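Read through the structure below, which is laid out as structure tokens, and then see the notes.
The values are calculated or read from the model by the stated rules, or taken from the named source; none is laboratory data. Bear in mind that the values here come from a model prediction, so they are computed numbers and not experimental data. Virtual Cβ from ideal backbone geometry, glycine too; neighbours counted across all protein chains shown.
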DNA sequence: GCCAACGTTGGC
DNA sequence: GCCAACGTTGGC
């Protein structure tokens, strides 16, 4: 029987586009619009229902972790890639060969205050966390259990 | 608004 | 298959 270990992720979203408050309002959303193969592979192959998600606000003031979410549906085709009207339309994607994948996530909590990136960078144990590395652009990042434990204890 | 870092594209 | 050019991301 395959082991059922809970894994952890960091998902970036620009709050001007879709914030933690939007997720709280909606309860659940599909994580569409990712057009990077490495991030796609994580969603297609590795993210499973029950996995924990750090909800990160990028291009925000300040950028940082705004709250928690949880994966509720594993990877399935991202229909926004098939819609010529959509900003994320990709003509390379077809119903037969959808290329791009998304997962569904649900709201878990909004932190009492955002954890700024600057604070993550100063926190012992997070020196190697992907989001604290310079030039880290990946919008779906794996988080280690140790990093998850540290970050989730930083706010209520 | 700037620009470093990174990913993708396309000519060869 | 190399790599220069280009586009995008995202912190600052």
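With respect to residue A:8, is the statement that it is without any contact (Cβ under 8 Å) to a residue 24 or more places away in the chain and away from DNA strand B (no atom under 16 Å from the Cβ) true?
Here the answer is no, as residue A:8 does not meet what is asked.
Taking the residues in segment A:109-129 that are buried (at least 16 other Cβ atoms within 10 Å of the Cβ) and within 17 Å of residue A:59 (Cβ to Cβ) as candidates, determine which candidate is nearest to DNA strand C (Cβ to nearest atom).
Ranking the qualifying residues of segment A:109-129, first place goes to A:117.
From the list A:151, A:105, which residue is within 16 Å of DNA strand C (Cβ to nearest atom), buried (at least 17 other Cβ atoms within 10 Å of the Cβ) and either in a loop (DSSP other than H, G, I, E, B) or touching a residue at least 40 places away in the same chain (Cβ under 8 Å) (or both)?
A:151
Within segment A:45-53, is even one residue part of a helix (DSSP H, G or I), under 17 Å from residue A:107 (Cα atoms), without any contact (Cβ under 8 Å) to a residue 40 or more places away in the chain and more than 16 Å from DNA strand B (Cβ to nearest atom)?
Checking segment A:45-53: not a single residue is part of a helix (DSSP H, G or I), under 17 Å from residue A:107 (Cα atoms), without any contact (Cβ under 8 Å) to a residue 40 or more places away in the chain and more than 16 Å from DNA strand B (Cβ to nearest atom).
Is it the case that residue A:83 is without any contact (Cβ under 8 Å) to a residue 12 or more places away in the chain and more than 16 Å from DNA strand B (Cβ to nearest atom)?
Judged against the criteria, residue A:83 is a match.
Can you confirm whether segment A:111-131 contains a residue that is under 17 Å from residue A:50 (Cα atoms) and touching a strand residue (DSSP E or B) at 6+ places or on another chain (Cβ under 7 Å)?
No, the conditions are met nowhere in segment A:111-131.
Could you tell me which residue of segment A:1-17 is nearest to DNA strand C (Cβ to nearest atom), considering only residues that are at pLDDT 95 or above and under 28 Å from residue A:92 (Cβ atoms)?
Restricting to residues being at pLDDT 95 or above and under 28 Å from residue A:92 (Cβ atoms), the top hit is A:12.
Could you please find all residues in segment A:1-22 being within 12 Å of the chain's Cα centre (by Cα) and in a helix (DSSP H, G or I)?
Selection gives A:20 alone.
Checking the conditions here, which among A:73, A:134 is surrounded by fewer than 17 Cβ atoms within 10 Å (Cβ to Cβ) and in contact with a strand residue (DSSP E or B) (Cβ under 6 Å, 6 or more places away or on another chain)?
The unique qualifying residue is A:73.
Kindly check whether there is at least one residue in segment A:17-30 that is under 20 Å from residue A:98 (Cβ atoms), touching a residue at least 40 places away in the same chain (Cβ under 8 Å) and surrounded by fewer than 18 Cβ atoms within 10 Å (Cβ to Cβ).
Yes, segment A:17-30 contains a residue that is under 20 Å from residue A:98 (Cβ atoms), touching a residue at least 40 places away in the same chain (Cβ under 8 Å) and surrounded by fewer than 18 Cβ atoms within 10 Å (Cβ to Cβ).
Can you tell me how many residues within segment A:21-42 are in contact with a strand residue (DSSP E or B) (Cβ under 6 Å, 6 or more places away or on another chain) and within 15 Å of DNA strand C (Cβ to nearest atom)?
Residues flagged as in contact with a strand residue (DSSP E or B) (Cβ under 6 Å, 6 or more places away or on another chain) and within 15 Å of DNA strand C (Cβ to nearest atom) within segment A:21-42 amount to 5.
Is one or more of the residues making up segment A:127-146 away from DNA strand B (no atom under 13 Å from the Cβ), in contact with a helix residue (DSSP H, G or I) (Cβ under 6 Å, 6 or more places away or on another chain) and either outside any helix (DSSP H, G or I) or free of Cβ contacts under 8 Å to residues at least 60 places away in the same chain (or both)?
Yes, segment A:127-146 contains at least one residue that is away from DNA strand B (no atom under 13 Å from the Cβ), in contact with a helix residue (DSSP H, G or I) (Cβ under 6 Å, 6 or more places away or on another chain) and either outside any helix (DSSP H, G or I) or free of Cβ contacts under 8 Å to residues at least 60 places away in the same chain (or both).
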